[in-house]
Amino acid sequence: MTKHRMGIVGLGMAVTPHAKSLMDLADRVEVAGAYNRGEERRKAFAEKFPQFPVTDDLDSLLADSSIDCMLVLTTPDNHLETVTKCAQAGKHVLLEKPLEITTKRSVEMIQACRDAGVTLGIVLQHRRRPGGIRLREILKSGKLGRVAGASVFVPNWRPQIGYYDQPGRGDKLRDGGGVLITQGIHTIDVFLSLTAQPVEVTAYAQTSPVHQMETEDIVAASVRYEDGSIGVVDATTTAYPGFPERIQFYCEKGSAVITGTELKVAYHDGEREVIEADPAVGGTGADPMDFPHDHHREIMADFLDALDEGRDPLISGEEALKTHRFADAILQSAEQGRPVAVVKG
């Protein structure tokens, strides 16, 4: 396999699991330089990961023809500009979620990569959790029969002090949205990879008295799917101290529930299937980085495989766009007080 050379853009909170993954994959990828505009973050990163060179010159990374890919970890409002620069420099991009602050900007970014002929992969690492992978296999096999109901619950907790008080946190102009595309996006992405295409939503969304922020911190929505099934979305960051996310399927021949990383499947004929929970996984409470980096490593390895094999990564820009369009419909329904169709594709 070709050994890739990668540049990193953005050295904030999200960088640690990525840096650990790059250390694990050192036989496949070399970090050519880690860039952040601010000196303080460059210094902090260099102290924590001294094996990776840091730089204050993004243009030099983009001009280096030996670098074939970039890991972009900037704030969402900066994704379009940074990814477009990388694409125009001929670099493939692995991008931290979400795509961008609006679907329109997300589509522009995806098109910029397509026009430049570079690969765009998105970091939505919950797709690598074994419970979701196994449930996808079961549903695809038809063993559970037709789906009657499919619902998702994201009962997270994020405090005002130390989280939402950080500059830009929860602002539309920086983050683009609240619980749906910032905290709940991982679980909703897995959920939508399992369901039929959502057709219509009817929703409520608001900022609760628990937080002082611009975007939504609590959402309740009903959903109708293309296969005739129905369900709900219940997502919040007000659920102190944070509880495991849940995905539930009620089907013709049984039911399946993913609770955090645990999968339980119960068939009408008495058969049972269980994937035990991973006790190391947190992230639903005050510390959003309370989780191991295993699935980040798997997403990065898949991205490198995609470059080697000339295929799309597990989660392409187009695939990630499904969650953004779903969130758009929910928020539009809440704002307009009526059912709203979910844009497909």
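Listed residues Val123, Val152, Val93, Val118; which is more than 21 Å from Asp302 (Cα to Cα) and buried (at least 17 other Cβ atoms within 10 Å of the Cβ)?
Val152
How about the stretch 332-345: which of its residues are touching a helix residue (DSSP H, G or I) at 6+ places or on another chain (Cβ under 8 Å) and surrounded by 22 or more Cβ atoms within 10 Å (Cβ to Cβ)?
Across the stretch 332-345, the qualifying residue is only Val342.
Across the stretch 233-256, which residue is farthest from Tyr164 (Cα to Cα) among those that are among the β-branched types (Val, Ile, Thr) and buried (at least 18 other Cβ atoms within 10 Å of the Cβ)?
Within the stretch 233-256, the match that is farthest from Tyr164 (Cα to Cα) is Ile247.
Within the stretch 4-45, restricting attention to residues that are under 28 Å from Gly310 (Cβ atoms) and of a type in the set (Lys, Arg), which residue is nearest to the chain's Cα centre (by Cα)?
Residue satisfying both the conditions and the ranking: Lys20.
Return yes when Arg28 is over 18 Å from Arg297 (Cα atoms), among the basic types (Lys, Arg) and modelled with pLDDT of 95 or more and no when it is not. Give the steps one after another, and end with the answer.
Working: over 18 Å from Arg297 (Cα atoms): no; among the basic types (Lys, Arg): yes; modelled with pLDDT of 95 or more: yes.
Judged against the criteria, Arg28 is not a match.
Residues being in a loop (DSSP other than H, G, I, E, B) and in contact (Cβ under 8 Å) with a residue 40 or more places away in the chain: count how many of those fall in the stretch 1-44.
The number of residues fulfilling the criteria is 9.
Within the stretch 289-306, identify whether any single residue is modelled with pLDDT under 90, crowded, with 16+ Cβ neighbours inside 10 Å and aromatic (Phe, Trp, Tyr), and answer yes or no.
yes
Output yes when any residue across the stretch 209-216 is charged (D, E, K, R), touching a residue at least 40 places away in the same chain (Cβ under 8 Å), more than 21 Å from His79 (Cα to Cα) and not in a helix (DSSP H, G or I), and no when none is.
Scanning the stretch 209-216, I find at least one residue that is charged (D, E, K, R), touching a residue at least 40 places away in the same chain (Cβ under 8 Å), more than 21 Å from His79 (Cα to Cα) and not in a helix (DSSP H, G or I), so the answer is yes.
Which one of the conditions (1) under 30 Å from Pro209 (Cβ atoms); (2) surrounded by fewer than 20 Cβ atoms within 10 Å (Cβ to Cβ); (3) touching a helix residue (DSSP H, G or I) at 6+ places or on another chain (Cβ under 6 Å); (4) not assigned by TED's automatic domain parsing to the domain that holds Ala256 does Pro98 fail to meet, given that it meets all the rest?
It is condition (2) that Pro98 fails.
Among the residues of the stretch 162-172, is any touching a Phe, Trp or Tyr at 6+ places or on another chain (Cβ under 6 Å) and assigned to a loop (DSSP other than H, G, I, E, B)?
First, pick out the residues of the stretch 162-172 that are touching a Phe, Trp or Tyr at 6+ places or on another chain (Cβ under 6 Å): 170.
So of that shortlist, the ones also assigned to a loop (DSSP other than H, G, I, E, B) come out as 170.
So far as the stretch 162-172 goes, yes, one or more of its residues are touching a Phe, Trp or Tyr at 6+ places or on another chain (Cβ under 6 Å) and assigned to a loop (DSSP other than H, G, I, E, B).
Could you give me the residue pairs with C-beta distances under 7 Å whose first residue belongs to the stretch 222-235 and is under 17 Å from Cys251 (Cβ atoms), whose second residue is among the polar types (S, T, N, Q) and part of a loop (DSSP other than H, G, I, E, B) wherever it lies, and which are 6+ apart or on separate chains?
Close Cβ pairs (under 7 Å, with a partner that is among the polar types (S, T, N, Q) and part of a loop (DSSP other than H, G, I, E, B)) amount to Tyr225/Thr195; Tyr225/Gln197; Glu226/Gln197.
The values are calculated or read from the model by the stated rules, or taken from the named source; none is laboratory data. Values in this document were obtained by computation on a predicted structure and should not be read as measured data. Methodologically, a virtual Cβ is constructed for each residue, glycine included, from the backbone with ideal geometry; neighbour enumeration extends over all protein chains shown.
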